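**Student:** The structure that follows is given in the form of structure tokens.
The values are calculated or read from the model by the stated rules, or taken from the named source; none is laboratory data. Everything quoted here is computed from the prediction, not taken from an experiment. Here the Cβ positions follow ideal geometry from the backbone for every residue, glycine too, while neighbour counts run over all protein chains shown.
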Amino acid sequence: MNEIVIKIDEVKNLSKEGGKFVFKRDAEEQLNKLLELQEFINEQVEIAKKAIIEAGTAIDEDFSGAIGENISANYRYYGDRYGYNNVHTAKPFLKEITFYKVDPEKIDNYLEEVGELPEGVVFKERTKSLSIKKLQKVD
């Protein structure tokens with residue numbers, strides 16, 4: 001049997017060393033190790049999900065999930081529950097929604113020409129987040 005040993009202090013050290021990526025070329029390897037570990041763990045979680053589904057549906061074909069002491073595994077649905085394929089026959093069951101969206105290109109041009117935002121337009125607070133990913137090697 002293969003054994004998985006996670007040395008928390010080593011993972012923390014990888015994180016700290018990875019932070020030096022901006023300054024030290026060697027730190028890139030530390031970040032790479034973290035990303036490989038993350039990818040491996042994500043793959044294993046997906047394998048575990050499939051195993052849970054297989055075990056659950058073997059017991060009950062309407063299996064909807066399981067709850068343990070520390071973990072729950074339940075199906076979740078995303079997206080709309082219903083759709084339509086004919087607007088004319090489905091119209092009594094459809095809701096018409098109208099909304100406006102700011103055209104950033106027009107705002108940028110206006111800002112460049114006038115030097116300020118047009119009346120009624122405001123800057124939105126946006127969250128800035130650093131994204132780290134492995135680059136695909138091109139052979």
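**Student:** So which residues in segment 50-80 are small (Gly, Ala, Ser), surrounded by 11 or more Cβ atoms within 10 Å (Cβ to Cβ) and part of a helix (DSSP H, G or I)?
**Tutor:** Hits for segment 50-80 are Ala55, Gly56.
**Student:** Can you pull out every residue in segment 103-120 that is of a type in the set (Asp, Glu) and surrounded by 10 or more Cβ atoms within 10 Å (Cβ to Cβ)?
**Tutor:** Asp103, Asp108, listed by residue number.
**Student:** Quick check, is Tyr100 surrounded by 10 or more Cβ atoms within 10 Å (Cβ to Cβ) and assigned to a loop (DSSP other than H, G, I, E, B)?
**Tutor:** So Tyr100 fails the test.
**Student:** Now for a separate question. For a quick check of your reading of the model, give me the residue pairs whose first member lies in segment 37-53 and is within 21 Å of Ala66 (Cβ to Cβ), whose second is surrounded by 11 or more Cβ atoms within 10 Å (Cβ to Cβ), with beta-carbon atoms closer than 8 Å and at least 6 apart or on different chains.
**Tutor:** Taking only residues 6 or more apart or on different chains, the pairs are Lys49/Ala73; Ile52/Ala66; Ile52/Ala73; Ile53/Phe63.
**Student:** Out of all the residues in segment 40-47, is one or more surrounded by 11 or more Cβ atoms within 10 Å (Cβ to Cβ) and either within 21 Å of Leu135 (Cα to Cα) or modelled with pLDDT under 70 (or both)?
**Tutor:** Yes, some residue in segment 40-47 is surrounded by 11 or more Cβ atoms within 10 Å (Cβ to Cβ) and either within 21 Å of Leu135 (Cα to Cα) or modelled with pLDDT under 70 (or both).
**Student:** Another question, if that's okay. Please name all residue pairs, on different chains or six or more residues apart, with Cβ atoms under 9 Å, provided the first residue is in segment 121-137 and is over 29 Å from Asn32 (Cβ atoms) and the second residue is at pLDDT 80 or above and not aromatic (Phe, Trp, Tyr).
**Tutor:** Val121/Val102; Val121/Ile107; Phe123/Leu117; Lys124/Val102
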